[in-house]
Amino acid sequence: AGPRTAITVTVNNAPNVFINGGNTASCASKTVALAAGGATTYTWSTSQTAVNIVVTPSITTTYTVIGTGANTCTNSAVKIITVNPSPTLTVTGNNVLCAGNATTLTVSGANTYTWAAGFFVPTIGVSPSATTNYSVIGKDANNCVDTVAYLVTVNQLPVLNVSSTNTILCSGQTATISVTGAVSYTWSDNSNGSDLVVNPTANSNYTVTGVDANNCSNSAVFTQSVSTCTAIEEQ
């Protein structure tokens, strides 16, 4: 046999790559900071090459980083971020009101609630004077949150205009009191219509309630004056 030659093979150790940061559980659309270590350069499964990256997983996601050491050997590390779904909030209550009316708003779908108005209960009573958005944040058992806004539209009350064909009557005379500003009307004597014929013997108040197209109502009082007429006026 011929002479033998010894060959020395140097084996470099692969880097001990690891990922720090990022709780194992997160909430949808929440940012998570991850930091690689143990190597010289890195390539993430997100195609990023920085040491530190920020991700926003919407579902449970596995992140892998490949680290290269000074000796060009490589190794990898894996981080699984479990994503809990956000709660879905639902608000119930009257979403259309007439000015001056109230409604009860109730939110469900989470464990705890915070209304923008500073209430921490699921049910609140509101009486807005104008159209208002009511915002509430709900947090579930995983500390994941959702926000919902509930619009309550407020229709203003009709403005009634009442007039008489005779501002001042003599006793025994009649007058027609008319009203505008709404769609339907009910007078204090339970009669309906925009006109009311009256024959008072003394100053008298007549109340009318008008309802508009939004089913909002308002009332007005008209005073019909009656004068003691002179003998000349009575002829």
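Here are a few things to note about the model shown:
- Tabulated pairs, the range 60-75, first under 11 Å from ASN13 (Cβ atoms), second assigned to a strand (DSSP E or B), C-beta under 7 angstrom, 6+ apart or interchain: ASN75/GLY67
- Contact map, the range 4-16: residues that are over 10 Å from ASN71 (Cβ atoms) and without any contact (Cβ under 8 Å) to a residue 60 or more places away in the chain paired with residues that are assigned to a loop (DSSP other than H, G, I, E, B) and not charged (D, E, K, R), Cβ distance under 8 Å, separation 6+ or inter-chain. Pairs shown: ASN16/GLY38.
- Matching residues, the range 78-101, being under 13 Å from VAL136 (Cβ atoms) and of a type in the set (A, V, I, L, M): LEU89, VAL91
- Restricting attention to the range 219-235, the residues that are at pLDDT 95 or above and open to solvent by 50 Å² or more (accessible area, probe 1.4 Å) add up to 3.
- For the range 36-57, the tally of residues that are modelled with pLDDT under 95 and within 24 Å of ASN13 (Cα to Cα) stands at 0.
- Cβ separations smaller than 6 Å between residues 6+ apart or across chains give the following pairs from the range 108-119 residues that are among the aromatic types (Phe, Trp, Tyr) to residues that are assigned to a loop (DSSP other than H, G, I, E, B) and open to solvent by 50 Å² or more (accessible area, probe 1.4 Å): TYR113/PRO122.
The values are calculated or read from the model by the stated rules, or taken from the named source; none is laboratory data. Note that the coordinates shown come from a computational prediction; the quantities given were computed from them, not determined experimentally. Counting neighbours? That spans all protein chains shown, and the Cβs are built from the backbone with ideal geometry, glycine included. We work out accessible area using only protein heavy atoms, side chains counted, and drop any ligands, DNA or RNA first. Shrake-Rupley method; radii C 1.70, N 1.55, O 1.52, S 1.80 Å.
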